[in-house]
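Read the structure below first, then the notes.
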Amino acid sequence: MARIRKIIILLLLAALVFALFGCNNSGQGSGGKKILVAYFTWAENTVVEETDDMDIDALTSASVISPGNAGIIANAIHESVGGDLFKILVAEQYSSDMGECAERVTEELETDARPALKSNVSNIAQYDIIYLGYPVWNNTCPRAILTFIENNDLSGKTVALFSAFGGGGMEVSVEAIVEALPDDCTVLDSTFGASREDSASAAEDAKAWVAGLGID
């Protein structure tokens with residue numbers, strides 16, 4: 001009986017040690033740094049209403065089927081580096097109709113809007129490295145990305161940007177994000193962008209990009 005009691009005590013102690021120390025690895029990458037992969041996609045910020053007369057392209061397009069093109073890249077990066085994954089979700093969803101969505105996006109750009117988000121990162125201070133991803137809208141980043149930056153203090157952090165786009169590139173969006181970030185952020189010159197034509201290989205290409213950064 002004494003031996004059984006001793007085994008039970010040891011098991012309880014082991015459980016206590018795990019609870020105190022094992023759970024503290026949340027967000028930690030393989031190199032010991034705390035990593036957050038945060039991303040925004042149209043697919044996860046809308047609801048596709050399927051109807052009998054719906055264009056089949058609307059159902060098969062990776063841009064409107066969760067997690068979306070940028071989401072596919074984000075999940076590949078998260079798989080490579082570990083850490084935590086955060087979906088940037090707006091409080092008011094966008095229309096799944098491309099024309100209606102485009103009208104709202106244009107209005108947000110013209111008014112320099114900051115769409116409200118459903119939630120923010122609970123403890124942004126713990127992270128050392130932020131991978132931040134998005135689709136390119138109207139040649140720049142969705143305004144929700146700027147809301148995320150302004151709602152979460154990224155001072156002193158290393159930021160790596162990735163994007164999915166139709167063909168125009170991500171240079172303008174990078175400029176907008178760099179301007180919005182705190183001056184003491186380290187924004188990596190190396191970014192990752194995947195055009196619609198490259199979507200099939202985007203996940204593996206993103207993993208190769210991450211490996212080449214050597215920051216984790």
Fill in the blank from the handout: Residue by residue through the range 116-132, the couplings from Karplus 6.51 cos²θ - 1.76 cosθ + 1.60 with θ = phi - 60°, in Hz, x for Gly and Pro, are 5, 9, 5, 7, 10, 5, 5, 8, 5, 5, 6, 8, 9, 10, 10, 8, 10
Problem - Around Asn45: net Lys/Arg minus Asp/Glu count, Cβ-Cβ under 13 Å - result: +1
Problem - Cα-projected label distance for Glu204 with Val172, points at 7 Å along beta-carbon direction, nm - result: 3.3
Completion exercise
Phi angles of the range 183-191, converted by Karplus (6.51 cos²θ - 1.76 cosθ + 1.60, θ = phi - 60°) into ³J(HN,Hα) in whole Hz with x for Gly and Pro, give 5, 8, 6, 9, 9, 5, 5, 7, 10
Handout entry: Ranked Arg143, Arg104, criterion: other C-beta atoms within 10 Å, fewest first
Key = Arg104, Arg143
Fill in the blank from the handout: Under 5 Å from the placed amide H of Tyr131, counting only residues 5+ away or on other chains, we find Leu36, Val37, Ala38, Ala160
Practice task
Would you list, by chain and number, the lysines whose Cα falls below 29 Å from the Cα of Lys87, excluding same-chain residues fewer than 8 positions away?
Solution key: Lys33, Lys34, Lys118, Lys157, Lys207
Handout entry: Length added when fully stretched, Asp183-Glu110, from 0.36 nm per residue minus Cα-Cα
Key = 23.8 nm
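Laboratory data are not the source of any read-out in this text; all were calculated from the coordinates shown. Computed from a prediction, not measured in an experiment: that's the story for all the values here. So basically every Cβ, Gly included, is an ideal-geometry build from the backbone, and we count neighbours across all protein chains shown.
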